[in-house]
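The values are calculated or read from the model by the stated rules, or taken from the named source; none is laboratory data. Bear in mind that the values here come from a model prediction, so they are computed numbers and not experimental data. Note that we place each Cβ from the backbone using ideal geometry, even for glycine, and neighbour counts take in every protein chain shown.
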Amino acid sequence: MVTIKDEQLAECLQRLNSVCFSPFELLNSRNLPEKLIELVLQGAPDGPPWITSGLKSLAASMISKESAQVKVVVFGGGTGLSTIIGGDSRSLSWVEHPFHGLKEVFPHTTAIVCVTDDGGSTGELLKDLPLIGLGDIRHVMLSAIQKVRLREEYGLSDAEASQAGAALFALFNHRFVKAPQSFDELLTRGQLNLRGLPEIMLDGIKRLLRRLFDDRRLVVVMQRPHCLGNLLIASAIYAGVEDGALEASPQAIRDGLREVASLIGVAPDGVLPCTCTPSVLKMHYTNGVMVTGEDKSSAARRGVPIDQVLVDFSEAQPQILTEVVDSIGQADIILFAPGSLYTSIAPIMQVPGLAQAVRANTKAMKLLVGNLWVQAGETDLAIDDPGRRFYASDLITAYHRNIPGGVHGLFNQILLLAMQEIPGNILQSYAIEGKSPIYLDRVKVWNMGFLPIEAAIFSREGLRDRKVRHDPASFATAVKVLWAAKDHLEEKGRHGTKALPPPAVTVPRVGESAEVPSRRYARMRAMLSMIDTIDFERIMDILWRHADIPVEHLGHVRGITTVSRGDWVRGQAWDNLYSFYDPADGRIKIRQDLLGDRRFEVAFLVALGQSLLGDYALRKEVVPLCHEGEGLGKIYHLTLRPESGRRCYFTEAELVRYLSLARMCRSARNPSHFTRVVNGEEGFTPPGLLFGLTYAWYLDNRFASHIEYKMAIGRTAVSDLVPEQMKSQAQRQELIQFFREVVFRQKR
């Protein structure tokens, strides 16, 4: 007699015996691409040979797949792009392993580099030369040197190639503050050991270095602090520029980069600029403020999300090398490197024609590489929910918002470092430093139409030093695995627009608003030189750092001077900011002891802002407000000077608009008379001081905490049950809009 238990046993045996077991189940990863990468990077798991032998054969076949002729294009900025190409070439650890990464697995790799960099030595170059930013190009150029080229071009052994790499590392990363007066002094004072370089390479490098002291255009540049790698590239570029001219043509830029690349063992067109047209980066925040300059925007802490990144080009049609377009069209693999979200990939894709070129290549495997860490000021606040950090889906959404046409056709897979494989104590130490990872929200990314891939592409050596970073060799291997198996992997959402809104219309910003930085610097120096001023170079540094300040803002300043502390009198004009603009003589006056103080910058900017109002006020008066003998407050009276006799940056309509935003009430009987009622003992910021404080706050919100406090209402969730709150927020937004559009003449 068969019992019920016997029937259950038979059913279980039959069901289990019919299950088909895949060896892939031994691998921990979720989807097939992840399993394949895990298999190659970590090896086949333990198990019976009849199961694991197939996995080992598969791994071997993927590794052995020929990749020497595969053409790869990688877009990016400095550190992220450099790291995956061949290691971070600014890190001393690079010297130990200079020959790994994409360049070794895929010798035909072309890096297309963002050129909006304007910090450090690059910024110093841009003061004198109308060039694209060279800093990121230098960074990537060094990381792209190839052992095979050093062997073929110079006959170097592996050991000699490593010595050459170490010498080039020292050369490209050498920085000086005090300008060397001669070629010999540069070598001796910098203690540059170039003995590891082959003779032909050394002769070429010496030729470039000597030009720095022979070319009049570069002699001027040498008077500033610099990174020698930038100067080498500039020297090569200006060898192709007509003597005496400053404008570098696309051909001169291309030929200069080719010369340096060929000299140091990089493919002649292995590193290319995304455009040869000088451009500046602008960040537009959700509170309406716009910040100009990559270096400044990367340090900005506005406390609100970035709404959009914009690039201002200095020419109506930004120039792109044909080699850039050709490399994109011929690419078998197109990668978007990790890096600063708003200062690497997005600016490149705003160069007219580049996004379209990527979309037009429908045969290439296209991959977005996710960033490791939330970046303060950029990815620490999600635009749809400022209370939370960024996730992988936010990266995709941000690119979609900031690239003309969105992310359609640009990539269909996203590769991220598997954070779950990083020891918790290391992540905790990063958290103490204020760093948190950008985690993969897998379901949302999948629903967007993209294939999420997590892999252990981190450096094991770095973990020993408690550092989490991409490992160039592991990354290159992961890309090779995906390439080898691409015809056998399921594709999902090639267009990647399933859960994305229609892309924002982003038009490249061209024309008159985009002044070449060196021209602005020259005009600013010329204007400031006509003003009797203290500490000329320090003032110039402030004006350069705040690229949003138009040259015309100096137009009402006749002098910048100091007042001794003993003569500083507190009063309505002499406030505790220790600076003000005196309309009587047109001079900015700063208390003398601020010269060596960090507050000097904000003191100058507040007074410079006040100078735009000029001598707009004919009379200012504060009158007590009483009723039946009881003091209720005071009334601030302001009478405007007649427009015909007024020195002011603004038109009558603009001035009246500002006074209205400053909550001054215009008299119906006398349009030149404005009043403001102040209740009881409440404080009151006069229009001139408010203007100066807001001017400084707009340029850097760390400069005016009083205004930052007032503007914080813009970050508060507004309830329609509190009409006064809505009114206050609207007033703040109008004030910011006035400063953006009228004061700083910025266009969205």
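Kindly indicate whether PRO671 is at pLDDT 90 or above and assigned by TED's automatic domain parsing to the domain that holds LEU605. Spelling it out, PRO671 is indeed at pLDDT 90 or above and assigned by TED's automatic domain parsing to the domain that holds LEU605. Restricting the first member to the range 530-545 and to residues that are aromatic (Phe, Trp, Tyr), and the second to residues that are surrounded by 17 or more Cβ atoms within 10 Å (Cβ to Cβ) and in a helix (DSSP H, G or I), the beta-carbon pairs closer than 8 Å and six or more apart or on different chains are PHE536/LEU528; TRP544/GLY123; TRP544/LYS127; TRP544/TYR521; TRP544/MET524. So, of the residues in the range 432-489 that are of a type in the set (Val, Ile, Thr) and outside any helix (DSSP H, G or I), which turns out to be surrounded by the fewest Cβ atoms within 10 Å (Cβ to Cβ)? It comes out as VAL468. Among the residues of the range 180-235, those that are surrounded by 13 or more Cβ atoms within 10 Å (Cβ to Cβ), basic (Lys, Arg) and either out of contact with any Gly (no Cβ under 9 Å at 6 or more places or on another chain) or within 17 Å of ARG138 (Cα to Cα) (or both) comprise ARG189, LYS206, ARG207, ARG210, ARG211, ARG224.
Among the residues making up the range 324-369, a single one is surrounded by fewer than 20 Cβ atoms within 10 Å (Cβ to Cβ), touching a Pro at 6+ places or on another chain (Cβ under 9 Å) and touching a residue at least 60 places away in the same chain (Cβ under 8 Å): PRO352.
This table checks each residue for (1) modelled with pLDDT under 95; (2) buried (at least 24 other Cβ atoms within 10 Å of the Cβ).
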| residue | (1), (2) |
| --- | --- |
| LEU92 | yes, no |
| PRO107 | no, no |
| VAL115 | no, yes |
| GLY120 | yes, no |
| GLU124 | no, no |
| LYS127 | no, no |
| LEU134 | no, yes |
| SER143 | no, yes |
| GLN146 | no, no |
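Under the condition of being buried (at least 21 other Cβ atoms within 10 Å of the Cβ) and at pLDDT 80 or above, the residues counted in the range 701-734 number 1.
Looking only at the range 600-645, residues that are surrounded by fewer than 17 Cβ atoms within 10 Å (Cβ to Cβ) and over 26 Å from VAL678 (Cβ atoms) come to 4 in all.
In the set ALA59, ALA44, only one residue is in contact with a helix residue (DSSP H, G or I) (Cβ under 7 Å, 6 or more places away or on another chain), surrounded by 16 or more Cβ atoms within 10 Å (Cβ to Cβ) and part of a loop (DSSP other than H, G, I, E, B); that residue is ALA44.
Scanning the range 625-655 for residues that are within 47 Å of the chain's Cα centre (by Cα) and in a strand (DSSP E or B) yields a count of 5.
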